[in-house]
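The values are calculated or read from the model by the stated rules, or taken from the named source; none is laboratory data. Every value quoted in this text rests on a predicted model; they were computed, and no experiment measured them. When we count neighbours, we look across all protein chains shown, and the Cβ atoms used for this are built from the backbone with ideal geometry, even at glycine. Ligands, DNA and RNA are stripped out before the accessible areas are found, and what is left, the full protein with its side chains, is counted by its heavy atoms. Shrake-Rupley method; radii C 1.70, N 1.55, O 1.52, S 1.80 Å.
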Amino acid sequence: MTNDKTEETTREQAIETDAFYTIPFADIIKNKREVNLSEFASDVEIIQFENTPKALLGRVQDIQLTNDYIFVEHTGNKLITQFSRDGKYIRHIGTLGRGPKEYALCRKFSLDEKNERIYIQTNWTRKILVYNFDGEYIKTVKYPAVERLYNVWSRDSLFISFSDQHTGSDPFLFVEHNEQGDTLQAISQHNFWNSDKTSHSMVSFWGQNSFYRLNNKLHMKSWYNDTVYTYDATNKLVPQYFIDLKNHKIPDDLVYERKSTRPMPEDARWIGVHETENFIFIPYGYHYNIQTREVLKEEEGCVLYNKKTKQGLAVKETKLGGFINDLNGGPDFKPTYTNDTLAVMAVSALDMKLFLDSDEFKNREVKFPEQKELLKQLNQTLKEDDNSFLVLVKLKN
């Protein structure tokens, strides 16, 4: 039985957790340095996906984890592939094709772990196919919102759709729908222009994830917006935190979908966002030259923000822009997926081989030398065309 003081403290902590706050991104990246994994992580595990022909992956595009499974979207056979948590192949989800119950390309997929459902938004047929975790087809959802860029499962039988502002007139960034396509609530656009000023081009970067889940709540951020939204206790869409880019924010009149002859500011950054219970990762990079479509700089970086201490740090910008793996000596780490307690990165066998052959790996001092020795043994048999690896980083409390 709790007393009144304990209950009051719990309520205050909940209010503090849910309160809107600002991450001073522009101030944090003024000071960049080499950052070790051991500064915020307690362990790292490297898993190779089963190395058999039916399990081989192409380029990994998205990864989602449950307690029991790893689901991978990749360019291999274009089907979502399901693995056990130790990397053993289980099955492909669905079949390749353009008929009923089939898909030729996955645009986006999302998971409802509680009800064991997989939602696959297809590209060409403009529909969402629903399967269970045993790979069995359940139903097809087809409604007007599928015409928007991305659609993911949100909560109950509801979906959230996202479209960046590519016509100049779309009133919404994110829209919550039911399966019939009715709009229930939305997050409004702020950038509008005349249709004759539209360039009809869209540019996205690998790290610009529009959605992630934390504590079983969907979070969302558009490509050009610097505010992250989620659900409050009443299931209303609300702003959760603001990433203060200052001079690093791309001007509204220079978004790629809008015609412009002005050069892109050298300070402008694209940003992504991944969040765990205690940390927020903000990978970032430089934009393209609007005329030549060449990246202004190839270097990338990442900001790590500690939600408990309200402090942030920035890694030294490199072509990877990652954290130094001083735990087992593996490749430098930059997350492409997070859940409540883990951060995850996929590495191709070629990249793993190149790194394990490097002097950087051989000379790196680590916290767990016995794990580094296992990587040395792996490298003796590793081939460049083997299946990909998954790097799972367990974060400190």
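Summary of values
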| read-out | value |
| --- | --- |
| In region 211-315, the GluC sites (Glu not before Pro) that fall in loop regions by DSSP, at most 13 other Cβ within 10 Å | 266, 294, 298 |
| Estimated FRET transfer efficiency (residue 136, residue 115; beta-carbon r; R0 22 Å; 0.05) | 0.95 |
| For region 277-363, diffusion coefficient by Stokes-Einstein and Kirkwood Rh (Cα), 10 °C, 1.306 mPa s, µm²/s | 108 µm²/s |
| The chain, dipole about Cα centre (Lys/Arg Cβ +1, Asp/Glu Cβ -1), debye to the nearest 20 | 760 debye |
| Cut-off under 5 Å, modelled amide H: who pairs with residue 340 long-range | 215 |
| Label-point gap, in nm, between residue 310 and residue 88 - each point 7 angstrom along Cα→Cβ | 4.8 nm |
| Nearest-10 value in Å² for the accessible area of residue 264, using the 1.4 Å probe | 10 Å² |
| Accessible surface of residue 163 - all protein chains present, 1.4 Å probe, nearest 10 Å² | 0 Å² |
| Heavy-atom surface of the chain, accessible at 1.4 Å and reported per residue (Å²) | 48 Å² |
| Percent of alpha-carbon pairs separated by more than 18 Å within region 31-190 | 63 percent |
| Over 30 Å (Cα to Cα) - which of 114/221; 88/297; 78/139 fall in this group | 88/297 |
| Neighbour-limited loop hits for chymotrypsin sites (Phe, Trp or Tyr not before Pro), region 194-293 (at most 16 other Cβ within 10 Å; DSSP other than H, G, I, E, B) | 206 |
| Accessible surface ranking that places the most exposed of 86, 164 first, with a 1.4 angstrom probe | 86, 164 |
| Qualifying chymotrypsin sites (Phe, Trp or Tyr not before Pro) in region 96-129, DSSP loop, other Cβ atoms within 10 Å at most 13 | 124 |
| Table column - 3J(HN,Hα) (Hz), region 324-340, Karplus curve with 6.51, -1.76, 1.60, x for Gly and Pro | 6, 7, 9, 8, 10, x, x, x, 4, 10, 9, x, 10, 7, 9, 10, 4 |
| Kirkwood Rh and Cα Rg combined as Rg/Rh, region 343-397 | 0.98 |
| For the chain, calculated [θ]222 nm from helices alone, where every DSSP H run of n ≥ 4 adds -39500 (n - 2.57) | -3000 deg cm²/dmol |
| Taking the C-alpha atoms of the chain, convex hull volume expressed per residue in Å³ | 166 Å³ |
| Placed amide H near residue 44: partners under 5 Å, 5+ positions off or other chain | 394 |
| Nitroxide proxy distance, nm - points 7 Å out along Cα→Cβ at residue 59 and residue 262 | 3.2 nm |
| Accessible carbon and sulfur surface of the chain relative to its total accessible area, %, 1.4 Å | 47 percent |
